[in-house]
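Contents: one structure, followed by commentary.
The values are calculated or read from the model by the stated rules, or taken from the named source; none is laboratory data. All values derive from a computational prediction rather than experimental measurement. As a convention, Cβ positions derive from the backbone with ideal geometry for all residues, glycine included, and neighbour counts pool all protein chains shown.
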Amino acid sequence: MPPKARAAKAAKPAAPRKARAPPKRKLADKFPPGEVLTDNAKKSWKLGVPVGQGGFGLIYLAEEVSAKVVGDDARYVIKVEPSENGALFSELKFYMRAAKPDMIQSWTKSRKMKYLGVPKYWSSGLHENGGKKYRFMVMDRFGTDLQKKFEECGKTFPRSLVLQLGLRLLDVLEYIHEHEYVHADIKASNLLLSYGDPHKVYLVDYGLAYRYSPEGVPKPYKEDPKRCHDGTIEFTSIDAHKGVSPSRRGDLEILAYCMVQWLCGRLPWEDRLQDPVYVRDCKLRSREDIPGFMSKCFPSQDKPGEIEKFLEQVKLLEYSEEPPYDVLRSILQAGLKAIGAKDDGKLVFTTPAKRGAGPASPAKKATKRKKPSEEEEGYEEANDSPVKKRPAPRRKAACYLLASALRMSAVIWCLLTPPPPPPPRKGVAPESSVTLWTRGSVEAVVI
């Protein structure tokens, strides 16, 4: 190669290094109903039909082995993944360390709680089928998730519901934080209602759960560019955007974003979720100007002051600082009191009379069907003028008949009157109309 060509090639900038691809995970094969799995404690479980999919595994209805078929009323589910996958293995570590039934029962009893929204770990094991090994975990069965309920409610939850959900999740976060873990992926699709009691909500999917304080020693703040933007992009914390390991304050920040979205329908950065740097910068600006952030989310309605106070409290937390859970609870409880509601433990999923006026797309709001009273109210706001009400049908018909009768009377009167007088003298304008009657400023005239 000529020297010039070599020089030109050397001057060419090197191509940017590609980000490291995530490890490939295998999909789980489908097992037939009736397959029997034996856990580490030598207890056998029978599979029913698959009822869901989580990550790269399948979730089956299950019961303890018996002669009967596993029916639709099964109490348990079993999550199955290929043993090479790491997600279920990581999740199992959390459940075995922090979610055994006796641990949860002891916690709820000592704090006089009705329940705690952490799924109970029942058992786990390895299963071989067709020369392949699978890891499985037995859990309680749950109902629908909050994302489906959110969409059914027109992507807006009532304020009282959001505040009660926030209180239940504070209970969950305090528990898992006390047991050295953070969740790092709180969102509506990871919140499931109890199968037997729709007023109980559970935080599931601990695949991203992180042990922030092994043996009681918190890990230090450290930014890692290779881990930037981990989590669900619209909700993940600013720490996660910077590549910092998940923290307690990060969990609370994620919870705050969820509550804002549930109230107003849409977060300001949801228009460009494919650009994580843009999302990160939006969150940074929002943290520096929390009142401005709230105004963007609630531009034309009363802003939920308790959410603003919640965000301000989370903003004050240091990376390794223990959150003031009781202070945060009191903020949400004060919000319930301000709207005349109370924490009665009932999760009522009804569409609010007025939707949040956050940055949701206008098209979606326009297509939302309203009640007649709401339509009038929306018309008044949109046009900045009083509502124009149509006259009642009977009154309109009566007005039409009256006008017709007046016109007929005028014609008859003209026919019965004598001929008009001779033309006036020059310079005087002829009469071109006859006034029938006058009332106030209205005259009835016949031409």
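Points worth noting:
- Number of positions in the stretch 34-77 that are surrounded by 15 or more Cβ atoms within 10 Å (Cβ to Cβ) and of a type in the set (D, E, K, R): 4
- So Phe293, is it in contact with a Pro (Cβ under 8 Å, 6 or more places away or on another chain), crowded, with 19+ Cβ neighbours inside 10 Å, among the hydrophobic types (A, V, I, L, M, F, W, C) and in contact (Cβ under 8 Å) with a residue 24 or more places away in the chain: yes
- Scanning the stretch 278-290 for residues being of a type outside the set (A, V, I, L, M) and surrounded by 16 or more Cβ atoms within 10 Å (Cβ to Cβ) gives a total of 4.
- Of all the listed residues (Ser330, Ser300), the sole one being in a loop (DSSP other than H, G, I, E, B) and more than 24 Å from Gly207 (Cα to Cα) is Ser300.
- Exclusive hit being in contact with a Cys (Cβ under 9 Å, 6 or more places away or on another chain), part of a helix (DSSP H, G or I), modelled with pLDDT of 95 or more and buried (at least 19 other Cβ atoms within 10 Å of the Cβ), set Leu336, Leu263: Leu263
- Here is the figure for the stretch 117-162: residues that are touching a residue at least 24 places away in the same chain (Cβ under 8 Å) and outside any loop (DSSP other than H, G, I, E, B) total 30.
- Evaluated against (1) at positive phi; (2) at pLDDT below 95; (3) assigned to a loop (DSSP other than H, G, I, E, B), Glu215 falls short on exactly one condition, (3).
- Residues in the stretch 303-327 that are assigned to a helix (DSSP H, G or I), surrounded by 13 or more Cβ atoms within 10 Å (Cβ to Cβ) and not aromatic (Phe, Trp, Tyr): Gly305, Glu306, Ile307, Glu308, Lys309, Leu311, Glu312, Gln313, Val314, Lys315.
- Condition check for Leu173: aliphatic (A, V, I, L, M) and free of Cβ contacts under 8 Å to residues at least 60 places away in the same chain: no
- Selection within the stretch 94-112 - in a helix (DSSP H, G or I) and out of contact with any strand residue (DSSP E or B) (no Cβ under 8 Å at 6 or more places or on another chain): Asp102, Met103, Ile104, Gln105, Ser106, Trp107, Thr108, Lys109, Ser110
- Scan of the stretch 61-92 for residues that are under 17 Å from Gly125 (Cβ atoms), touching a residue at least 60 places away in the same chain (Cβ under 8 Å) and charged (D, E, K, R), ordered by number: Lys79, Glu91
Yes or no, residue by residue, for (1) in contact with a Lys or Arg (Cβ under 9 Å, 6 or more places away or on another chain); (2) crowded, with 19+ Cβ neighbours inside 10 Å; (3) over 21 Å from Arg329 (Cβ atoms); (4) not assigned by TED's automatic domain parsing to the domain that holds Gly86:
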position: Ile176; (1), (2), (3), (4): no, yes, no, yes
position: Glu180; (1), (2), (3), (4): yes, no, yes, yes
position: His183; (1), (2), (3), (4): no, yes, no, yes
position: Asp197; (1), (2), (3), (4): no, no, yes, yes
position: Val201; (1), (2), (3), (4): yes, yes, no, yes
position: Leu208; (1), (2), (3), (4): no, yes, yes, yes
position: Glu215; (1), (2), (3), (4): no, no, yes, yes
position: Pro220; (1), (2), (3), (4): no, no, yes, yes
position: Cys228; (1), (2), (3), (4): yes, no, yes, yes
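- Qualifying residue in the stretch 246-260 (condition: within 17 Å of the chain's Cα centre (by Cα), in a loop (DSSP other than H, G, I, E, B), surrounded by 15 or more Cβ atoms within 10 Å (Cβ to Cβ) and modelled with pLDDT of 95 or more): no
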